[in-house]
Amino acid sequence: MDLSILIVTYNSAPLISGLLDHLQREKQAHAHALTMEVVVVDNQSSDSTAALVAAQHPWVKLVASPSNLGFAAGNNLAARVASGDLLLLLNPDALPEPGALAEGVRLMRTQAEVGLGGGELRDLSGAAQPSARMFPTLRDEFFTFSGLAHRFAAHPWLGRLNRGGADRQAVADVDWIPGAFVFIRQAAFAQLGGFDERYFMYYEEVDLCRALQQRGWRVRYWPALKALHIGGASARTVKQARVSRAGSQLELWRMRSALLYYRKHHGMLAAAVLHGQERGWFALRRLRSLWRGQTDKAQDLMNHTRQLRQAWRDTRAGRLSPPKPW
């Protein structure tokens, strides 16, 4: 088998049929050049995603998990039942352009030094999303939550995390690529033991790409490969959880994973600084809001700092992953 497409679903019923129909057309169109399969792991959806896939797409390998494993463990489970020499990690809300699968396989076959490669993600309006990034630093984290990175996205220093100032249409070796649409060699994935399952969601791709490069693999960005990406479709279905203002990340989960990542790769002090700088920034913003009489905004900022404190407690300062599901 040339390619196994791994899709981890959670309450993805509105999107999954359209994606699977598209993948089936791509499979048929390129049957003469490559063999591919689709593996869907459903993370205990409450909207009958698994039943829908089983009934309408019997050609798909379906694994219905009895619990919500999260992104990292869900993909690890999918990889264990996959047969392809290459794996494609694909989000339910990502739709590769026609021909992108075959071209991605060709690029991975011809560039043997690449362990993981991805393309350009575009939103519903056609605008490019951050698709290739640098490893985060404490400074980058500050620029991100302060809004400076968004405001000065093209600045090579303030926008460094998303490669500010780089030519987005040029092939490049990068630090890491978001897991919405990425090709990875099955052998490389197996060599690492897959994703670190302590991450339920967020930062697992950063961690994986660090491990790949430590073992001599390249991580490469190919802008010719394109996929439509909604972003945050599953996150918005999680009840009683705060979603970031951009609507794409569950805030508490992001905070927990950030602490786990910084503690693992940079030590206790770095995790403490990460936590302290974000708490301090939002505390100052809350005081300013109170001074201006913006009570609703001040309450929202207080809720954010409460989540930061909870993430610190939940992970024991980045040392332990909370019990699943988060």
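The values are calculated or read from the model by the stated rules, or taken from the named source; none is laboratory data. Worth saying up front: this structure is predicted, and the values here are computed from it rather than measured. Heads up, the Cβs are rebuilt from the backbone with ideal geometry, glycines too, and the neighbour counts pull from every protein chain shown. We work out accessible area using only protein heavy atoms, side chains counted, and drop any ligands, DNA or RNA first. Shrake-Rupley method; radii C 1.70, N 1.55, O 1.52, S 1.80 Å.
The table for this structure:
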| item | result |
| --- | --- |
| Principal-axis tilt of helix 251-266 within the chain, Cα atoms, nearest 10 degrees | 90 degrees |
| Most fluctuating residue given options Thr305, Thr295, Thr137, as computed from a GNM of the chain linking Cα atoms under 10 Å | Thr295 |
| Modelled FRET efficiency - R0 30 Å, Ala224 with Met1, Cβ distances, 0.05 increments | 0.80 |
| Dimensionless Rg ratio for region 158-206, taking C-alpha atoms and the 2.2 N^0.38 Å reference | 1.38 |
| Amide H partners (placed H, <5 Å) of Glu97, local residues excluded | Lys226, Ala227, Leu228 |
| Point-to-point label distance, Trp59-Ser83, nm (Cα→Cβ direction, 7 Å offset) | 1.4 nm |
| Hull-based mean projected area of region 97-208, where the convex hull spans the alpha carbons, in square nanometres | 8.2 nm² |
| Simple label model, 7 Å out from Cα along Cβ direction - Ala33 to Phe135, nm | 3.5 nm |
| Helix axis angle, 100-110 relative to the chain longest principal axis, alpha carbon, degrees | 80 degrees |
| Test item: Cα-centred dipole of the chain, Lys/Arg +1 and Asp/Glu -1 on Cβ, debye | 1380 debye |
| Accessible surface, 1.4 Å probe, highest first, among residues Leu15, Leu212, Leu252 | Leu15, Leu252, Leu212 |
| Solvent exposure of the chain as accessible area per residue, Å², 1.4 Å probe | 45 Å² |
| Relative contact order of the chain, pairs being alpha-carbon contacts under 8 Å that are 6 or more residues apart, as % | 18 percent |
| Distance in nm between pseudo-label sites at His265 and Gln111 (7 Å out along the Cβ direction from Cα) | 2.0 nm |
| Percentage of interatomic Cα-Cα distances in the chain larger than 31 Å | 31 percent |
| Full-stretch length increase - Ala127, Ala190 - with 0.36 nm per residue and alpha-carbon distance subtracted | 19.2 nm |
| Degrees separating the helix 13-29 axis from the principal Cα axis of the chain, which is the longest one | 40 degrees |
| Percent carbon-and-sulfur accessible area, region 19-97, ignoring ligands, DNA and RNA, probe 1.4 Å | 53 percent |
| Dipole of the chain, positive direction: furthest Cα of Gly216, Gln28, Ala78, with charges on the beta-carbon | Gly216 |
| Average Cα contact separation per residue, region 1-131, under 8 Å, 6 or more apart, as relative contact order % | 33 percent |
